[in-house]
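Asker: Below is one structure. I have some questions about it.
The values are calculated or read from the model by the stated rules, or taken from the named source; none is laboratory data. Keep in mind that this is a model prediction, so the values were computed, not measured. Cβ atoms come from the backbone with ideal geometry, glycine included; neighbour counts cover every protein chain shown.
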Amino acid sequence: MNRTSVCALALCSIGAIGAIVAFAAPSGAASKGPAAGKTVHVGVIADVTGGAGVYGTPQKNAYELANDDIKAGRIDAGGANLTFDVQDAASDGAQVVNLMQKFMTDGSTPLVLGPTLSGEAFKAFPIAARASFPVMGTSTTAEGVTAIGPSVFRDSLAESQVIPTTVKRTHDKWHYKTAAVIFGDDNAFTKTDGDIFTRELKAAGVDVVDTETFHIKDTDFQPALTRIESKHPDVIAIGALFPEATKIIQQAGKLGIKAHMIGGNGLNAPDMYSVAGPSAQGTVVGAAWYSGAKYPSNLAFVKSYTAKYGKGPDQFAAQSYAAAQIVADLVAHGATTKDEMLSGLRNVRVIQTVLGPIGFDPNRDVKSSPVILSIVKDGFTYFH
Amino acid sequence: MVAQQLLNGLFLGAVYALFAVGYTLVFGVLDILNLAHAAIFTASAFVAFSLAAAGVPLPLAFLGAAAVGGILGILLDRVAFAPLRRRNAGTLVPLISSIGVAIIIGAVLRGIYGVDEKHFTTGGLDTAPAIHLGPVTFTAVELTIFVAAVALMVVLSWVLRATTLGRRIRAVAADRIAAALLGVDLERTIAATFFIASSLGGAAGVLTGLEYNSVTLDMGSPIELKGLAIIILGGMGSVTGAVIGGFIIGAVETLSIAAGLSEWRDAITFGVMFVILVARPSGLFGKRALRQA
């Protein structure tokens, strides 16, 4: 081995050791901020059980992971004892309201995160808004949620932010002329999807040749898809959550439908391909988060979540974890009361999260860019 | 398109009918609504999922899960209905009792399986090429499900008409006291009724899970209300009525969508039911048809 090789090897070794040390040490060892030593309990309302349990459970998991990461110094809360207290709303609107009132009046909760569904937010957020109590939705993407009041924020990209980009990008590439829209008309999220898809497709000069609706928990979409197929659309826009979306895609494949399929945040789940099958290949999904995004905190989040729960996180988990990162940042800067939290949220500039760098716009919606993905075998890839 | 839609309605109606037959059988014999029927439908689908995941061939997993559904039905009767029957608790109290059992079954399933949707490993049946027959397309899974559902209903009809057990069930349905005086063992006959009804409900759950390759905790809730509508439409207690009611509801749902009225689907379905009931308040096959089966 010559002298140059030895030097190169030594440099590589030092670099490798440095990398290992950097990886092994807490990535952001807790700083000593103005709130150091104080206890801060943040309320979380999530549908851990009931019909929406499939969405609320990853949210709960994300907050539990965040609690671990704060203790371990991987999320910097400025030395404060910050914890997220997850309460199960059981997919029951009345329980959501009760929990919101409980958190608002217990004297120790400065901020509430959640609930899980937009429809629940429309029930609970007005109560918080009337009391100027800060709340942040992490999965409430329907139109009008933040318009409820000046103390209502959300870190989830609204469908109104995601779908226009999805339509534009796919239209630019495929130059389609006709489309059909299928959406759930009994859920605020999927209804919003249907409305925005219809509006944006028409704005792009696309002829919407058919509109079909369904109800959440429906399983048989063949009658609607048969009708859609009879109109021969170039594209089918899907306004659905994961359980219905997978069945729509699967059954469309069974009926031999060849139209391109596009959808919103509801289709951004790691199991899309494995559940919907080969018919899902090429479906385009506009979303707020990509599990494969290379942000350092996202890589660590996906890895630790998968290790802890035995399966990868979905977008519900990612947006909840990002909310925990935002709150930790506020606390690290000294916010411990509801007024300080509200002020902190209003003055957020940019915070690095698993969703990437995000902030809030003047309407208190998250300021971030959607990602346009394409379903491929075993996951997603960027749509180009 | 119409042929395909009629076929869609036929496949949908077969599973509705199978579920409703079990529902109406218990009502015909005991005059009570068993609102835990949908919970057993769900539980059986999870059992089949577990068996299939453990490597049990699908036909055996189907039969095993239906049998477990039947056993759950017997347990349901022993826990929720028999004690109330002995105390002459009327018809409303057992109804509430069955809701309680349904909630407990749901909680147990959530504890065992979690909230995530489960998917069958169907040995490639679900990815087999679709069958194109003239203007219609269907899969091997759909065909199998349809045949299985119809076969089970035919077997039930034969059991009720041509076997000793069937005669006992019909005797108890006609007059419980008279049947007991004639030597029919009431409790055993009722247990057998629950076994048959719940195994049919369980079979419907497994077939639904297979048809959409999806087993979820709330898969029973959409069919629960429809099942109730079907047995009222067919005539409370009428097995024939439940079968025909199932196919009618399946067809009306499908054809309302085919007509471009998807957002009115449920309103149309229940509207049709309302019109039929106004014309025939006791349902298509009247009251107590089971007793005359």
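Asker: Could you tell me which of the residues B:GLY183, B:GLY166 is outside any helix (DSSP H, G or I) and either away from every other protein chain (no Cβ under 14 Å) or surrounded by 14 or more Cβ atoms within 10 Å (Cβ to Cβ) (or both)?
Answerer: Working: B:GLY166 fails: outside any helix (DSSP H, G or I).
The conditions single out B:GLY183.
Asker: Name the one entry in A:ASP193, A:ASP234, A:ASP210 that is acidic (Asp, Glu) and in contact with a Pro (Cβ under 7 Å, 6 or more places away or on another chain). Working first, answer last.
Answerer: Working: A:ASP193 fails: in contact with a Pro (Cβ under 7 Å, 6 or more places away or on another chain); A:ASP234 fails: in contact with a Pro (Cβ under 7 Å, 6 or more places away or on another chain).
Criteria check complete, one pass: A:ASP210.
Asker: Tell me the residue from A:THR109, A:THR116 that is in a loop (DSSP other than H, G, I, E, B), under 19 Å from the mean Cα position of the chain (by Cα) and within 22 Å of A:VAL152 (Cα to Cα), please.
Answerer: Numbers: A:THR109 fails: under 19 Å from the mean Cα position of the chain (by Cα).
Unique residue meeting the criteria: A:THR116.
Asker: To continue, here is another question. When residues of the stretch A:216-235 are filtered for being within 14 Å of chain B (Cβ to nearest Cβ), crowded, with 20+ Cβ neighbours inside 10 Å and not in a loop (DSSP other than H, G, I, E, B), how many remain?
Answerer: Result for the stretch A:216-235: 8.
Asker: Under the condition of being more than 14 Å from chain A (Cβ to nearest Cβ) and over 18 Å from B:VAL239 (Cα atoms), which residue from the stretch B:264-285 is surrounded by the most Cβ atoms within 10 Å (Cβ to Cβ)?
Answerer: Here the residue is B:VAL272.
Asker: Give the residue that is surrounded by the fewest Cβ atoms within 10 Å (Cβ to Cβ), with candidates limited to residues of the stretch B:223-240 that are within 14 Å of chain A (Cβ to nearest Cβ) and not aliphatic (A, V, I, L, M).
Answerer: Quick first cut of the stretch B:223-240, residues within 14 Å of chain A (Cβ to nearest Cβ) only: B:223-226.
Filter once more, so that each one left must be not aliphatic (A, V, I, L, M): B:224, B:226.
Values: B:GLU224: 19, B:LYS226: 22.
Step by step, filter the stretch B:223-240, then rank; the result is B:GLU224.
Asker: Still on this model: Quick check on the stretch A:102-131: of everything there that is within 25 Å of A:THR353 (Cβ to Cβ) and among the polar types (S, T, N, Q), which residue is modelled with the lowest pLDDT? It would help to see each step written out before you state the result.
Answerer: Step one: filter the stretch A:102-131 for residues within 25 Å of A:THR353 (Cβ to Cβ), giving A:103, A:109-118, A:120-121, A:124-125, A:128-129.
From what's left, among the polar types (S, T, N, Q): A:109, A:116, A:118.
Numbers: A:THR109: 96, A:THR116: 94, A:SER118: 87.
So, considering only residues that are within 25 Å of A:THR353 (Cβ to Cβ) and among the polar types (S, T, N, Q), the one modelled with the lowest pLDDT is A:SER118.
Asker: Still on this structure, I have one more. Is the stretch A:287-297 home to any residue that is of a type outside the set (A, V, I, L, M) and modelled with pLDDT of 95 or more? Quick ask: steps written out before the conclusion?
Answerer: The initial filter retains those residues of the stretch A:287-297 that are of a type outside the set (A, V, I, L, M), namely A:289-292, A:294-297.
Keeping just the survivors that are modelled with pLDDT of 95 or more gives none.
Scanning the stretch A:287-297, I find no residue that is of a type outside the set (A, V, I, L, M) and modelled with pLDDT of 95 or more, so the answer is no.
Asker: Please find, within the stretch B:246-255, the residue that is nearest to A:PHE183 (Cα to Cα) out of those that are crowded, with 22+ Cβ neighbours inside 10 Å and among the small types (Gly, Ala, Ser). Can you show your working first?
Answerer: If we filter the stretch B:246-255 for residues that are crowded, with 22+ Cβ neighbours inside 10 Å, which is where we start, we get B:246, B:248-250, B:253-254.
Filter again for among the small types (Gly, Ala, Ser), leaving B:246, B:250.
On the way: B:GLY246: 26, B:GLY250: 21 Å.
Restricting to residues being crowded, with 22+ Cβ neighbours inside 10 Å and among the small types (Gly, Ala, Ser), the top hit is B:GLY250.
Asker: Sticking with this structure for a sec: I want to confirm something. Restricting to the stretch A:236-256 and keeping residues that are within 13 Å of chain B (Cβ to nearest Cβ) and hydrophobic (A, V, I, L, M, F, W, C), which single residue is farthest from A:THR170 (Cα to Cα)?
Answerer: A:LEU255
Asker: Okay, moving on. Which residues, taken from the stretch A:257-277, are surrounded by fewer than 23 Cβ atoms within 10 Å (Cβ to Cβ), at pLDDT 90 or above and either part of a strand (DSSP E or B) or within 14 Å of another protein chain (Cβ to nearest Cβ) (or both)?
Answerer: Once the filter is applied, which keeps residues that are surrounded by fewer than 23 Cβ atoms within 10 Å (Cβ to Cβ), at pLDDT 90 or above and either part of a strand (DSSP E or B) or within 14 Å of another protein chain (Cβ to nearest Cβ) (or both), the stretch A:257-277 yields A:ILE257, A:LYS258, A:HIS260.
Asker: Determine which single condition A:ILE372 fails, assuming it passes every other condition in (1) modelled with pLDDT of 95 or more; (2) in the same structural domain as A:MET100 (by TED's automatic domain parsing); (3) more than 30 Å from A:GLY107 (Cβ to Cβ).
Answerer: (2)
Asker: Then there's this: Quick check on B:THR137: is it under 30 Å from A:LEU241 (Cβ atoms), of a type in the set (Ser, Thr, Tyr), in a loop (DSSP other than H, G, I, E, B) and touching a residue at least 24 places away in the same chain (Cβ under 8 Å)? Can you show your working first?
Answerer: Working: under 30 Å from A:LEU241 (Cβ atoms): yes; of a type in the set (Ser, Thr, Tyr): yes; in a loop (DSSP other than H, G, I, E, B): no; touching a residue at least 24 places away in the same chain (Cβ under 8 Å): yes.
Against the criterion (under 30 Å from A:LEU241 (Cβ atoms), of a type in the set (Ser, Thr, Tyr), in a loop (DSSP other than H, G, I, E, B) and touching a residue at least 24 places away in the same chain (Cβ under 8 Å)), B:THR137 does not qualify.
Asker: Any residue at all in the stretch B:50-60 that's surrounded by fewer than 19 Cβ atoms within 10 Å (Cβ to Cβ) and either under 20 Å from B:PHE27 (Cα atoms) or within 14 Å of another protein chain (Cβ to nearest Cβ) (or both)?
Answerer: Within the stretch B:50-60 (the criterion being surrounded by fewer than 19 Cβ atoms within 10 Å (Cβ to Cβ) and either under 20 Å from B:PHE27 (Cα atoms) or within 14 Å of another protein chain (Cβ to nearest Cβ) (or both)), the answer is no, since none of the residues qualifies.
Asker: For the condition in a helix (DSSP H, G or I), under 24 Å from A:ASP68 (Cα atoms) and touching a residue at least 12 places away in the same chain (Cβ under 8 Å), what is the one hit in A:ILE326, A:ILE358? Explain how you work it out, then say what you get.
Answerer: Numbers: A:ILE358 fails: in a helix (DSSP H, G or I).
Going through A:ILE326, A:ILE358 in turn, the sole match is A:ILE326.
Asker: Something else now. Tally the residues that are at pLDDT 95 or above, within 14 Å of another protein chain (Cβ to nearest Cβ) and touching a strand residue (DSSP E or B) at 6+ places or on another chain (Cβ under 8 Å), restricting the search to the stretch A:48-84.
Answerer: Residues meeting the conditions: 2.
Asker: If you check A:THR246, A:THR213, which single one turns out to be modelled with pLDDT of 90 or more, buried (at least 23 other Cβ atoms within 10 Å of the Cβ) and of a type in the set (Ser, Thr, Tyr)? Give the derivation first.
Answerer: Details: A:THR213 fails: buried (at least 23 other Cβ atoms within 10 Å of the Cβ).
Matching residue, one of A:THR246, A:THR213: A:THR246.
Asker: When you scan the stretch B:196-291 for helices (runs of 4 or more DSSP H) that lie fully inside it, which ones turn up with 2 or more residues that are under 30 Å from B:ALA107 (Cα atoms)? Reasoning before the result, please.
Answerer: Numbers: elements: B:220-234, B:239-258, B:265-279.
Because the criterion is at least 2 residues that are under 30 Å from B:ALA107 (Cα atoms), the helices (runs of 4 or more DSSP H) in the stretch B:196-291 that meet it are B:220-234, B:239-258.
Asker: Please state which of the following conditions B:ARG291 fails to meet, knowing it meets all the rest: (1) farther than 30 Å from B:ALA65 by Cβ; (2) at pLDDT 85 or above.
Answerer: Just one mismatch for B:ARG291, condition (2).
Asker: Now for a separate question. Take the residues in the stretch B:1-20 that are among the small types (Gly, Ala, Ser) and buried (at least 24 other Cβ atoms within 10 Å of the Cβ), then tell me which one is nearest to the other protein chains (Cβ to nearest Cβ).
Answerer: Pass one, the stretch B:1-20, residues among the small types (Gly, Ala, Ser): B:3, B:9, B:13-14, B:17, B:20.
Still in the list and also buried (at least 24 other Cβ atoms within 10 Å of the Cβ): B:9, B:13-14, B:17, B:20.
On the way: B:GLY9: 7, B:GLY13: 11, B:ALA14: 12, B:ALA17: 14, B:ALA20: 16 Å.
The qualifying residue nearest to the other protein chains (Cβ to nearest Cβ) is B:GLY9.
Asker: Those residues that are under 18 Å from A:LYS177 (Cα atoms) and either more than 26 Å from the chain's Cα centre (by Cα) or in a loop (DSSP other than H, G, I, E, B) (or both), I need them from the stretch A:192-215; list them, please.
Answerer: A:LYS202, A:ALA203, A:ALA204, A:GLY205, A:VAL206, A:ASP207, A:VAL208, A:VAL209, A:ASP210, A:THR211
Asker: Another question, then. How many residues, within the stretch A:218-245, are within 18 Å of the chain's Cα centre (by Cα) and either more than 24 Å from A:PRO164 (Cα to Cα) or among the aromatic types (Phe, Trp, Tyr) (or both)?
Answerer: So the count comes out to 1.
Asker: Same structure, new question: Filter the stretch B:61-73 down to the residues that are surrounded by 18 or more Cβ atoms within 10 Å (Cβ to Cβ) and more than 15 Å from B:GLY209 (Cβ to Cβ) and list them by number.
Answerer: Let us first name the residues in the stretch B:61-73 that are surrounded by 18 or more Cβ atoms within 10 Å (Cβ to Cβ), namely B:61-62, B:64-66, B:68-70, B:72-73.
Those that are surrounded by 18 or more Cβ atoms within 10 Å (Cβ to Cβ) and more than 15 Å from B:GLY209 (Cβ to Cβ): B:GLY70, B:LEU72, B:GLY73.
Asker: If you don't mind, another one. Restricting to the stretch B:147-159, what's the tally of residues that are crowded, with 21+ Cβ neighbours inside 10 Å and over 29 Å from B:ILE105 (Cα atoms)?
Answerer: 0
Asker: Further question: When you scan the stretch B:78-104, how many residues do you find that are within 16 Å of B:VAL26 (Cβ to Cβ) and part of a helix (DSSP H, G or I)?
Answerer: 17
Asker: Does the stretch B:28-36 contain at least one residue that is within 14 Å of chain A (Cβ to nearest Cβ), buried (at least 24 other Cβ atoms within 10 Å of the Cβ) and within 15 Å of the chain's Cα centre (by Cα)? Step through it out loud before you land on a result.
Answerer: First, the residues of the stretch B:28-36 that are within 14 Å of chain A (Cβ to nearest Cβ): none.
Within the stretch B:28-36, none of the residues are within 14 Å of chain A (Cβ to nearest Cβ), buried (at least 24 other Cβ atoms within 10 Å of the Cβ) and within 15 Å of the chain's Cα centre (by Cα).
Asker: Would you mind telling me which numbered condition in (1) closer than 17 Å to B:LEU6 by Cα; (2) crowded, with 23+ Cβ neighbours inside 10 Å; (3) under 21 Å from the mean Cα position of the chain (by Cα); (4) within 12 Å of chain A (Cβ to nearest Cβ) B:VAL243 fails?
Answerer: Tallying (1) closer than 17 Å to B:LEU6 by Cα; (2) crowded, with 23+ Cβ neighbours inside 10 Å; (3) under 21 Å from the mean Cα position of the chain (by Cα); (4) within 12 Å of chain A (Cβ to nearest Cβ), B:VAL243 fails exactly one: (4).
Asker: Right, next: Give the residues of the stretch A:300-326 that are among the hydrophobic types (A, V, I, L, M, F, W, C) and under 16 Å from the mean Cα position of the chain (by Cα), sorted by residue number.
Answerer: As a first pass, look at the stretch A:300-326 and keep what is among the hydrophobic types (A, V, I, L, M, F, W, C): A:300-302, A:307, A:316-318, A:322-324, A:326.
Within the stretch A:300-326, A:PHE301, A:VAL302, A:PHE316, A:ALA317, A:ALA318, A:ALA322, A:ALA323, A:ALA324, A:ILE326 meet the criteria.
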